[in-house]
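Novice: Provided herewith is a single structure, encoded as structure tokens, for subsequent inquiry.
The values are calculated or read from the model by the stated rules, or taken from the named source; none is laboratory data. All values reported here derive from a predicted model rather than from experimental measurement. So basically every Cβ, Gly included, is an ideal-geometry build from the backbone, and we count neighbours across all protein chains shown. What goes into the accessible areas is simple: the full protein's heavy atoms, side chains included, and nothing from ligands, DNA or RNA. Shrake-Rupley method; radii C 1.70, N 1.55, O 1.52, S 1.80 Å.
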Amino acid sequence: MQAISQTGRLINEDHDRTAALLNRLEAHLEQAEARGIPALDGEVRTLVADLNTELETELTGHFDFEERVLFPLIANSGGHEMVQHLFNEHEAMRPIGQRLQRYCALALRDGFDEDSYGAFVHFGWDILDRLERHLQIEETAFLLAVEALMLNNPDLDAKIAAGYRAS
């Protein structure tokens, strides 16, 4: 969706960055079994480092901001069921993302071994599947609701966008 509001554009930019990383992760995971345990250099190191950073950003900053600022606004405007669904998805993804992030951090420090790479692949597929579905909902229904609220209140949009940038 092409967002018009400042807040909608910021959310959309985060989603686009996350989707691009998920595409890179999916390409890596699709080759994981055939490739075996990779050396942690070049493209693989970059992927693991980017994933480590994105999981920290997504699971804390992005989710927390949505829950603290946007979810109450959307719920109060009639989107309570959608907000509850998205919140439940956040809650389900946090522990999976945190585990994957720990494997990323360990790999960046020590490289992969058979156990850590198997866990990385397992949790990688799990978070990939969950985040792809979550982004689809947020890029359609949720972003539409945000746009409707922000376009009717440009001062609120500017305030929320400023807070989002600062978070």
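Novice: Evaluate the charge dipole of the chain about its Cα centre and quote only its size in Debye, nearest 20, assuming +1 on the Cβ of each Lys and Arg and -1 on the Cβ of each Asp and Glu.
Specialist: Taking the Cα centre of the chain as origin, the dipole is about 340 debye.
Novice: While we're looking at this one, here's another question. Along the charge dipole of the stretch 1-86, pointing to its positive end and built from +1/-1 on Cβ of Lys, Arg, Asp and Glu, which listed residue (Leu86, Leu21, Gln6) has its Cα farthest out?
Specialist: Most positive-ward Cα: Gln6.
Novice: Also, quick follow-up: How high is the relative contact order of the stretch 19-118, given as a whole-number percent (alpha carbon pairs under 8 Å, six or more residues apart)?
Specialist: Rounded, it is 43 percent for the stretch 19-118.
Novice: Picking from Gly163, Leu40, Phe112, whose Cα lies most toward the positive end of the charge dipole for the chain (charges on Cβ: Lys, Arg +1; Asp, Glu -1)?
Specialist: Gly163
Novice: Can I ask one more? Estimate the FRET efficiency between Asp41 and Ile137 by the formula 1/(1 + (r/R0)^6), using the beta-carbon distance for r and 35 Å for R0, to the nearest 0.05.
Specialist: 0.45
Novice: Could you check the simple spin-label distance between Asp110 and His85, using points 7 Å along Cα→Cβ, in nm with one decimal?
Specialist: Going by the 7 Å Cα→Cβ label model, 4.1 nm.
Novice: Another one. For the stretch 1-71, which whole-number percentage of the solvent-accessible area (1.4 Å probe, protein heavy atoms only) is attributable to carbon and sulfur atoms?
Specialist: Summing carbon and sulfur atoms, their accessible area is 49 percent of the total for the stretch 1-71.
Novice: Continuing with this model, one more query. Considering only Glu138, Glu91, Glu33, give the residue with the highest GNM mean-square fluctuation for the chain, with springs between Cα atoms whenever their separation is below 10 Å.
Specialist: Among Glu138, Glu91, Glu33, the largest mean-square fluctuation in the Gaussian network model of the chain belongs to Glu33.
Novice: How many nm separate the modelled label positions at Gln31 and Ala158, each set 7 Å beyond the Cα in the direction of the Cβ?
Specialist: If labels sit at Gln31 and Ala158, their model points lie 4.9 nm apart.
Novice: Then there is this: Can you tell me the 0 to 90 degree angle between the C-alpha axis of helix 114-137 and the longest principal axis of the chain, rounded to 10?
Specialist: 20 degrees
Novice: Assign one of three labels to the stretch 82-167, namely rounded, prolate or oblate, based on the Cα gyration tensor with a ≥ b ≥ c the square roots of its eigenvalues; rounded applies when a/c is under 1.5, prolate when it is not and a/b is larger than b/c, and oblate otherwise. List each step's numbers first, then the result.
Specialist: Numbers: a/c = 3.86, a/b = 2.18, b/c = 1.77.
Cα axes put the stretch 82-167 in the prolate bin.
Novice: Can you tell me the relative contact order of the chain? Whole percent, Cα pairs under 8 Å, sequence separation 6 or more.
Specialist: Values: 129 pairs, mean separation 71.1, N = 167.
RCO, the chain: 43 percent.
Novice: Once you sort the root eigenvalues of the Cα gyration tensor of the chain as a ≥ b ≥ c, which label holds: rounded (a/c under 1.5), prolate (a/b larger than b/c) or oblate (the other case)?
Specialist: Working: a/c = 2.52, a/b = 2.27, b/c = 1.11.
Prolate.
Novice: Turning to a different aspect of this structure: Is the stretch 128-167 best put as rounded, prolate or oblate by its Cα gyration tensor, with a ≥ b ≥ c the root eigenvalues, rounded for a/c under 1.5, and otherwise prolate when a/b is larger than b/c, oblate when not? Could the numbers behind the result be given before it?
Specialist: Numbers: a/c = 6.30, a/b = 1.69, b/c = 3.73.
Oblate, because a/c is 1.5 or more while a/b does not exceed b/c.
Novice: Using Cα springs under 10 Å in a Gaussian network model of the chain, which residue among Ala34, Ala19, Ala107 shows the largest mean-square fluctuation?
Specialist: Among Ala34, Ala19, Ala107, the largest mean-square fluctuation in the Gaussian network model of the chain belongs to Ala34.
Novice: OK, next. Among Gln101, Gln84, Gln31, which one moves the most in a GNM of the chain with springs linking Cα atoms closer than 10 Å?
Specialist: Gln31
Novice: Which value, in debye to the nearest 20, describes the size of the charge dipole of the stretch 4-73 about its Cα centre when Lys and Arg Cβ atoms bear +1, Asp and Glu Cβ atoms bear -1, and nothing else is charged?
Specialist: Working: 6 positive and 15 negative charges, 19 e Å.
Dipole size: approximately 100 debye.
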